[in-house]
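Please treat every number below as a calculation from the coordinates, not as lab data. What you see is a predicted model, and the numbers here were worked out from it, not measured in a lab. Every residue, glycine as well, gets a Cβ built from its backbone with ideal geometry; the counts of neighbours run over all protein chains shown.
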Amino acid sequence: MAEKLLLLDTASLYFRAYFGVPDSVKAPDGTPVNAVRGLLDMIARLVTDHRPTRLVMCWDDDWRPQFRVDAIPSYKAHRVAAEVPGTTGAEEVPDTLAPQVPIIVEVLAALGIARVGVPGYEADDVIGTLVAREVAKAHPAPVDVITGDRDLFQLVDDAVPVRVLYTIRGIKDLLAVDQSVLKEKYAVATGAGYADMAVLRGDPSDGLPGVAGIGEKTAAQLVHRYGSLDGILAARDAGDPGLTATQRRRLVEAADYLAVAPAVVRVAPDAPVGDVDDRLPGVVADADALVSLAQRWGLTSSVKRVVDALALG
């Protein structure tokens, strides 16, 4: 079977599962397990439909990294539920979701599915680093990134190929984002162009202000005209006549933001990720633990679907 790498943005998926599966789905002791069961069913579906040979569950060891907050203090600030000394704050997570996350960790370990996070980095950075490593190989495997986060469109690269399978329509009807989709939907030709456009546009959902008065359409036009954010800034500094007076003024006024935003928006290609055994497990890592977890949390049918999917893989 030809090599194929599947990288899952785990938190994006278990949040989707939590809101998509009724909270009436509970363990025998009454603990809600809707996110756990929904995530397992997603994994089974993805492995069955896409037949990867390699699979990594990418993890947010830090949902709001210090280096991004230092650059732009408003980064995800509206999602801080509580200030915690020595951290950038505790994330706002539904009360019945938080207790399910450790269960997800245990089940993935018993299955033997690779789960990778890095202190001080988000899952996006783990994904970016694993993609960069794959791209650097003499013969890279095709990579599919599963996420509900448009930020990862910056990794799209037809040459490998790297695609983003976007969950906006659900796991059963993923939108496969390649460079043709970026051009059609966002008028940018590459993943790098998408990142530059995103810097200019900003993203209120992440607390990124962007450049005032420059929306997505204008940002894409500028990236197309000047080739990159660096090209746009060079045109600003040179007084290029292709920029209107208003655009140039807004770019000047946003100089401080534009100096730091690229490092916040772009995913890290070099996070300190250790060696990863990402092979799709043909046999579960700990059958006894898996049976015990499935029985305790009422996950037998979902676990069986994953095990059956792995056996097919």
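Let me check I've understood the local charge: for G38, count other residues with C-beta under 15 angstrom from its C-beta, Lys and Arg +1, Asp and Glu -1. What total comes out? Before the final figure, lay out the partial values.
Details: positive: R16, K26, R37, R45, K172, R305; negative: D9, D23, D41.
With Lys, Arg at +1 and Asp, Glu at -1, the neighbours total +3.
Comparing Cα centroids, the stretch 1-74 and the stretch 221-251 end up 39 angstrom apart. Dipole check for the stretch 162-304: with +1 at the C-beta of Lys and Arg, -1 at the C-beta of Asp and Glu, and the Cα centre as origin, the magnitude is about 620 Debye. Under 29 Å between alpha carbons: how many lysine pairs meet that in the chain, if sequence neighbours fewer than 8 apart on the same chain are excluded? The number of close lysine pairs in the chain is 16.
Would you mind counting up the charge near L290? Only other residues with Cβ under 12 Å from its Cβ, with Lys and Arg at +1 and Asp and Glu at -1.
Details: positive: R296, K304; negative: E106, D286, D288.
Combined, the nearby Lys, Arg, Asp and Glu give -1.
The listed peptides 31-38, 173-180, ordered by packing as a protection proxy, come out as 31-38, 173-180 (highest mean of other Cβ atoms within 10 Å first). The residues neighbouring D151, those whose beta-carbon lies less than 10 Å from its own, together hold a net charge of -4 under the Lys/Arg +1, Asp/Glu -1 convention.
Using only helices, what value at 222 nm comes out for the chain when you add -39,500 (n - 2.57) per DSSP H run of length 4 or more and divide by the total residues, to the nearest 500 deg cm²/dmol? Don't skip to the end; give the middle numbers.
Numbers: 13 runs with 143 residues, N = 313.
Roughly -14000 deg cm²/dmol at 222 nm, from the helical runs in the chain.
What does the C-alpha gyration tensor say about the overall shape of the stretch 1-142? Classify as rounded when a/c is under 1.5, otherwise prolate if a/b is larger than b/c, or oblate.
Values: a/c = 2.39, a/b = 1.09, b/c = 2.19.
Oblate.
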